[in-house]
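The values are calculated or read from the model by the stated rules, or taken from the named source; none is laboratory data. All values reported here derive from a predicted model rather than from experimental measurement. Note: ideal-geometry Cβ built from the backbone for every residue, glycine included; neighbour counts use all protein chains shown.
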Amino acid sequence: VIGRPIGATAFMTCHGHESWHPDPEFYYKVGGGPMFDMGPYYLTALIALLGPVRRLTGSTAMSFAQRTITSQKKNGQVIDVEVPTHVAGLLDFASGAIGMILTSFDVWGAELPRIEIYGSLGTLSVPDPNSFGGPVRLRMAGEKEFKPVEISRPYAENSRGLGIADLARAWREGKSDHRASGALALHVLEVMHGFHTASDTGAHIALSYPCARPVALDPAVRY
């Protein structure tokens, strides 16, 4: 519909989880941070839309050395931050599209779109991949505003666990066509680590573990 994909943007910004999570320390320790927390949702969505990543680079920052918990049960306790909390990445997809992603625990407020895909004939606006539902909107060349797109595929509602159901279906049928594949997970993990490595080394990172673009769910199949 939007023609040849040219680029994409993805934004996940908030000011961390210490205001509501009862045990938020792990978000700020090794293995945590906004990219490893929320990146899998956004990167998997981008790869499903645009295919695998060929190379990347990134910049990271730790904007606050300490965080004070304001949620119960640890209200007032201080967390020493050990990982970057503002991670920006640049993605070169194998398809030729260029993507940008920002995940941050350092932003008090923003009005950025969740995901947008830019094509040679128009722009597709995609809702938050962490909530499944939400409007899909389209603005074609020559138009002045976005218009809603009718959802033609199933599972537009909150369907956490759908990947596991698809995996179980493939296993039951003796097939390997499930979407939540190990190759996809490894590719996403390599991308997330790559942003941090690129920031530390000042380099572009070529991806070593490619994956296939996941096939869209069959609208005739219900789990």
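Within the range 75-93, the residues that satisfy the criterion of being under 17 Å from Phe195 (Cβ atoms), touching a Ser or Thr at 6+ places or on another chain (Cβ under 8 Å) and of a type in the set (Val, Ile, Thr) are Thr85, Val87.
Show me the strands (runs of 3 or more DSSP E) found entirely inside the range 81-157 where at least 1 residues are farther than 19 Å from Gly7 by Cα. Don't jump to the end; show me each part of the working.
Numbers: elements: 86-93, 98-104, 115-119, 122-126, 137-140.
Strands (runs of 3 or more DSSP E) meeting the threshold: 86-93, 98-104.
Considering the range 161-184 alone, what residues qualify as being touching a residue at least 12 places away in the same chain (Cβ under 8 Å), under 18 Å from Ile47 (Cβ atoms) and either small (Gly, Ala, Ser) or part of a helix (DSSP H, G or I) (or both)?
From the range 161-184, those touching a residue at least 12 places away in the same chain (Cβ under 8 Å) are 162-167, 169, 177-181, 183-184; that's our starting set.
Narrowing further to those that are under 18 Å from Ile47 (Cβ atoms): 162-163, 166-167, 177-181, 183-184.
Across the range 161-184, the qualifying residues are Leu162, Gly163, Asp166, Leu167, Ala180, Ser181, Ala183, Leu184.
Residue pairs whose Cβ atoms lie under 7 Å apart, sitting 6 or more positions apart in sequence or on different chains, and linking a residue in the range 196-223 that is farther than 21 Å from Leu50 by Cβ and modelled with pLDDT under 90 to a partner that is in a loop (DSSP other than H, G, I, E, B) and of a type in the set (Lys, Arg), are Pro219/Arg153. Anything in the range 26-35 that is crowded, with 19+ Cβ neighbours inside 10 Å and part of a helix (DSSP H, G or I)? List them, or say none. Once the filter is applied, which keeps residues that are crowded, with 19+ Cβ neighbours inside 10 Å and part of a helix (DSSP H, G or I), the range 26-35 yields Tyr27, Tyr28, Pro34, Met35.
When the range 38-72 is filtered for residues that are closer than 14 Å to Ser104 by Cα, assigned to a loop (DSSP other than H, G, I, E, B) and either in contact (Cβ under 8 Å) with a residue 40 or more places away in the chain or acidic (Asp, Glu) (or both), the ones remaining, listed by number, are Ser63, Phe64.
State the number of residues belonging to the range 12-25 that are in a strand (DSSP E or B) and surrounded by fewer than 20 Cβ atoms within 10 Å (Cβ to Cβ). Give the derivation first.
In the first step, residues of the range 12-25 are kept if they are in a strand (DSSP E or B); the result is 12-13.
Pick out the ones that are also surrounded by fewer than 20 Cβ atoms within 10 Å (Cβ to Cβ) and you get 13.
Result for the range 12-25: 1.
Select from the range 89-105 the residues that are of a type outside the set (Val, Ile, Thr) and surrounded by fewer than 19 Cβ atoms within 10 Å (Cβ to Cβ) and write down the one among them that is farthest from Tyr209 (Cα to Cα).
So in the range 89-105, the residues of a type outside the set (Val, Ile, Thr) come out as 89-97, 99-100, 102, 104-105.
From what is left, the residues that are surrounded by fewer than 19 Cβ atoms within 10 Å (Cβ to Cβ) are 90, 92, 94-96, 100.
On the way: Leu90: 18, Asp92: 14, Ala94: 13, Ser95: 16, Gly96: 18, Met100: 20 Å.
Taking the candidates together, the pick is Met100.
Would you confirm whether or not the range 41-56 contains a residue that is charged (D, E, K, R), modelled with pLDDT under 95 and out of contact with any Lys or Arg (no Cβ under 9 Å at 6 or more places or on another chain)? No, the range 41-56 has no match at all.
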